[in-house]
Amino acid sequence: MPNPDRDALIARLPKAELHLHIEGSLEPEMLFALAGRNGVAIPFASVEEVRAAYSFSNLQDFLDIYYQGMAVLQTEQDFFDLTWAYLERAAADHVRHVEIFFDPQGHTERGVAFETALSGIERALKAGEAGMGITYRLIMCFLRHLSEAEAEATLDQALPHLDRIHGVGLDSSEVGHPPSKFQRVFARARELGLHVTAHAGEEGPPEYVREALDLLQVERIDHGNRALEDPALVHHLARDGVTLTVCPLSNLRLCVIDRLEDSPVRRMLDLGLKATINSDDPAYFGGYINANFRAVADALDLSVAEIVQLAENSFAGSFLTDADKARHIADLRAAAAL
Ligand code: ADE
Ligand code: ZN
């Protein structure tokens, strides 16, 4: 049930967003503007037509449109504009720290240089930190429907820029592309000092979550819904305090769940798991981080303590230093007590 006091708490709480694909923040208005600026043809006549096309039955349905949308991103300025627009929305939602994903292979395979995407995104992140005080980490994802050799080539491209990239992730079509396929490239990323995370258990089975933990040695699990099917795995996640980056509106729009009432967030909290709330691809799924918090809080009737816990988990599960985590958590407790 909607609750104005709870909405006010959600609005004012400082929070971190840990699961956000920057290409998934491409709003239809910007899709049109960039298509015009770059002379790229798109198969839609209006913003309304684009929004109407955002009706998905599963992850692959969405990914087909998501990769098509990326075609309008051509120049460094395009990546800057995209990232800046996201940061303005994040600031409005009281996000104080972001750990964003980008998909280099979605760009290099279209002839857009790795450096073009990296520089535009990074320039906006630096401007956002200077101007809005939003700190950041940048995570490049490997597309799991492509080969491990292609992921290795992408890591090679990142080598001259390792002072600008903080981690690697694994995204795209999950089923049929288990974490084990990327064991060697993740080992190399870890040896290079990069943080590691992976999408697992969104559509794929609990075994994929286990593989991500055991074989890729990830620090976080992105989504993790289906881990709840395996009690031994739940025990492992709880014992090790592994952060799960749950995306409620994404789960609903990709038919991972039938209703928000089925969101795994309540069960995860009850089981002592470190769930966080995130928007995934907000331009496609109908809401940024606070909309995700409100939707899940209403559907699950979350208490004040549970909402504060979710926000606290977002800082605790970030790649920030312990001192920065502690500072943010003190701020959020003060905001919660207002
Ligand atoms: N790429 C962008 N969003 C994704 C998601 N929800 N799952 C897998 N890959 C993605
Ligand atoms: Zn995702």
field: Whichever residue in segment 49-67 is open to solvent by 80 Å² or more (accessible area, probe 1.4 Å) and without any contact (Cβ under 8 Å) to a residue 12 or more places away in the chain and, among such residues, is nearest to ligand 2 (Cβ to nearest atom)
entry: ASP64
message: I'm checking my understanding of the structure. Among residues of segment 240-264 that are buried (at least 18 other Cβ atoms within 10 Å of the Cβ) and aliphatic (A, V, I, L, M), which one is farthest from the chain's Cα centre (by Cα)?
response: LEU260
- request: Can you give me the number of residues within segment 72-87 that are more than 19 Å from the chain's Cα centre (by Cα) and open to solvent by 30 Å² or more (accessible area, probe 1.4 Å)?
  value: 4
query: Given ILE10, ILE42, ILE65, which one is of a type in the set (Val, Ile, Thr) and touching a Leu at 6+ places or on another chain (Cβ under 8 Å)?
result: ILE42
query: Looking at segment 160-175, which of its residues are of a type outside the set (D, E, K, R) and touching a residue at least 12 places away in the same chain (Cβ under 8 Å)?
result: HIS161, LEU162, ILE165, HIS166, GLY167, VAL168, GLY169, LEU170, SER172, SER173, VAL175
statement: Selection from segment 308-338 of residues part of a helix (DSSP H, G or I) and under 19 Å from ASP222 (Cα atoms) yields GLN309, LEU310, ALA311, GLU312, ASN313, SER314, PHE315, ALA316
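The values are calculated or read from the model by the stated rules, or taken from the named source; none is laboratory data. What you see is a predicted model; the values in this text were computed from it and never measured. Counting neighbours? That spans all protein chains shown, and the Cβs are built from the backbone with ideal geometry, glycine included. These area figures cover heavy atoms from the full protein model, side chains too; ligands, DNA and RNA do not enter into them. Shrake-Rupley method; radii C 1.70, N 1.55, O 1.52, S 1.80 Å.
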